[in-house]
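Before any comments, here is the structure.
The numbers here are math on the coordinates, done by the rules we state, and not lab data. Source: prediction; values computed, not measured. Quick reminder, even Gly has a Cβ in these numbers, built from the backbone with ideal geometry, and neighbours come from all protein chains shown.
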Amino acid sequence: MRRVILSQGETFSNDHLQRTSAFNAGALEAATKIVARVREEGDAALRDLTAQFDGVEIEDFRVSQEAIDAAIAQIDPHLQKSLAQAARQIREFHERQKQQSWFSVRADGALVGSKVEPIEAVGIYAPGGRALYPSTVLMNAIPAHVAGVSRIALCTPPTKDGSLDPAVLEAARLAGITEIYTVGGAQAIAALAYGTESIAPVSKITGPGNAFVAAAKKIVSGDVGIDMIAGPSEVCVVADATADPKMVAIDLMAQAEHDPLASCYLVTFSASYADEVEAHIAAHMKRSKRAEITTASLEHGLIVVVPDMAAAMDAVNVIAPEHLELHIADAMSQLGAVRNAGAIFLGEWTPEAVGDYVAGPNHTLPTGGTARFSSPLSVDDFIKKSSVIQYTPAALAHDGEAIVAIADREGLWSHAESVRLRLAELPDSVKIQEPEDE
């Protein structure tokens, strides 16, 4: 891992970070062609692209209920129980995020408010490839279900024999999904966005994927909603002398094993402690089943040695990591100093893995520094709001002159006249009022 050593008074900056864009321009070109082809050819394009990229000939992409039931029957009972526990705790957390419509009536009778409605149809993408992710299904579908989305369609790539992973199907069952398609990649995003003969279009698409999936989401964004353009996974661990370097090492590796492009950051207070962590990484690596991927990721990882806690927190806020672990004494005391992070894990007993699976908060998080302005996936991503306004004559009398003044200043005559005409028609009992000074 590369090292940056900061002296007293020196601050960590984006120049030290050397973060490159997670977005793959080459993937954008390929995804553009795939999306255009699916829009034009529909299911025929899906069949051809599935054969080309997944090596599977599929006639009917919709997974039958019989096939779902047969696959779920094969699942290991312990895994099934674990998925049920995760689903329960994820649902409990997201139930607390639900919003309600609200209305307020002013003294002059004007009613204003916000009407909350679930999005009608949502598409969820669960990736395949290097690993299968039933947890992704739970994390995306349960907030949608809690929000009240009436139609949730799941797309996920087929395995080499054309089947789907029983754990993914069980996660879908637990999350309330019955509409499942064996199609992956950029072509799945296009199908969800624009529809084909067998897949009806949706209004929003969520879920992670490779560079081609991310590119396709960027292309369809605007025609449908998307959650985010997610880059490779990342973790930042802040560790002081109280932290067990063995645990810090394995937590860094836990993100590195996702993807050769994953980003791992260690912020600590001495070079000798960083040496200990790297020694434990080498020891752990001998037992890793994903050593090649993990090694590739850690090769572009970064260790930041800082003089004090204030400098550590400054570095964290520049990195704005997807996952932040605070392996420090009294971690809660530093929570207020963290301004930019997708999810924050406090103390040595809270590895990032608890957030990936069963703690409850969503594991779909902003990456690539976007935690500076983005939030985790939530129930809010699956609702939409309409402003509601109803004026009485008294309310228009109160606000009318202000509306006319602003509209006239903006040169919008019809705006102003639409109010002037109504003011002229006010009942005699209603007196035009000057707005109060703030």
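Scanning residues 5 or more positions from Val56 or on other chains, those with amide H under 5 Å from its amide H are Ala51, with H placed 1.01 Å from N in the peptide plane.
Distant-in-sequence amide contacts of Val237, defined by a placed amide H-H separation under 5 Å and a gap of 5 or more residues or a different chain, comprise Tyr265, Leu266, Val267, Glu325. Separation of the range 399-426 from the range 297-347 is 53 Å, based on Cα centroids.
Rounded to whole numbers, the Karplus 3J(HN,Hα) couplings from phi for the range 344-361 are 10, 10, 9, x, 5, 8, 10, x, 4, 4, 5, x, 5, 10, 10, 4, x, x Hz, using 6.51 cos²θ - 1.76 cosθ + 1.60 with θ = phi - 60°, and x at Gly and Pro. Average 1/r across all pairs of distinct alpha carbons in the range 391-438, invert it, and you get the Kirkwood radius: 10.9 Å. Recomputing Rg/Rh (Cα atoms, Kirkwood Rh) from the coordinates shown identifies the correct label among (i) 0.95; (ii) 1.17; (iii) 1.07 as (iii). Nearest 0.05, what FRET efficiency do Asn14 and Ser333 give at R0 = 35 Å with Cβ-Cβ as r? Rounded to the nearest 0.05, the efficiency is 0.80. So which lysines pass the test for Lys204, namely a Cα distance under 25 Å, with those fewer than 8 places away in the same chain ruled out? Hits, sequence-local ones excluded: Lys33, Lys98, Lys115, Lys217, Lys218, Lys384, Lys385.
For Ile383, the residues whose modelled amide H falls within less than 5 Å of its own, excluding neighbours fewer than 5 places apart on the same chain, are Ile119. Sparsely packed loop sites in the range 107-198 (the GluC sites (Glu not before Pro) outside DSSP H, G, I, E and B with at most 15 other Cβ atoms within 10 Å) comprise Glu120, Glu197.
Taking a straight Cα-Cα cut-off under 17 Å and skipping sequence neighbours fewer than 8 places away in the same chain, the aspartates and glutamates within cross-link reach of Lys246 are Glu257, Asp275, Glu276, Glu278, Glu325, Glu348, Glu352.
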